[in-house]
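Student: After the structure tokens below, expect a handful of questions from me.
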Amino acid sequence: MNLILIAFLIGIGLSIITVFADALIKQASLQNAFSGWQILIVGAILYGITAFGWFFVMRKIKLSTLGVLYGVSCLVFLALVSVFYFREKINPIEILGIALAIISLIIMYRFA
């Protein structure tokens with residue numbers, strides 16, 4: 001397995017952790033008043049931990065490519081969490097946008 005592919009896979013894994021942190025922060029925001037502050041802190045700590053992983057991924061992937069990787073993978077995983085955990089609805093245009101984003105990620109990997 002080449003180093004670029006490994007870096008892409010690690011980047012996707014870091015995006016999953018970031019999405020988990022986002023879900024925790026969303027869950028904290030749904031609490032009454034500020035009673036979800038513990039959940040908020042856990043989400044913030046997860047964000048900080050991923051920074052160390054991004055440091056190593058950035059050594060192998062161009063920043064512009066990494067931006068697309070991060071954006072698209074977070075978009076896809078956040079949409080999944082949104083639909084299956086928070087029971088939010090997405091419309092067909094949003095689904096088309098997600099599909100096009102995945103295609104852009106494939107193109108970026110192909111030429112990275």
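Each reported figure results from applying straightforward, stated rules to the coordinates on display, with no laboratory input. Keep in mind that this is a model prediction, so the values were computed, not measured. As a convention, Cβ positions derive from the backbone with ideal geometry for all residues, glycine included, and neighbour counts pool all protein chains shown.
Student: If I ask for residues that are of a type in the set (A, V, I, L, M), free of Cβ contacts under 8 Å to residues at least 40 places away in the same chain and surrounded by 15 or more Cβ atoms within 10 Å (Cβ to Cβ), which ones from region 18-41 would you list?
Tutor: If we filter region 18-41 for residues that are of a type in the set (A, V, I, L, M), which is where we start, we get 19, 21, 23-25, 28, 30, 33, 39-41.
Subsequent filtering for residues that are free of Cβ contacts under 8 Å to residues at least 40 places away in the same chain retains 21, 24-25, 28, 30, 33, 39-41.
The answer is ALA21, LEU24, ILE25, ALA28, ILE39, LEU40.
Student: So ILE90 ticks every box in (1) in a loop (DSSP other than H, G, I, E, B); (2) out of contact with any helix residue (DSSP H, G or I) (no Cβ under 8 Å at 6 or more places or on another chain) but one. Which box is left unticked?
Tutor: Single failed check for ILE90: (2).
Student: Follow-up. Identify all residues within region 47-73 that are part of a helix (DSSP H, G or I), surrounded by 18 or more Cβ atoms within 10 Å (Cβ to Cβ) and of a type outside the set (Ser, Thr, Tyr); write none if there are none.
Tutor: VAL57, LEU66, VAL68, LEU69, VAL72
Student: List the residue pairs whose Cβ atoms are under 9 Å apart, where the first residue sits in region 63-75 and is more than 8 Å from MET108 (Cβ to Cβ) and without any contact (Cβ under 8 Å) to a residue 12 or more places away in the chain, the second is among the hydrophobic types (A, V, I, L, M, F, W, C) and surrounded by 18 or more Cβ atoms within 10 Å (Cβ to Cβ), and the two are 6 or more positions apart or on different chains.
Tutor: Matching pairs, first to second residue: SER64/MET108.
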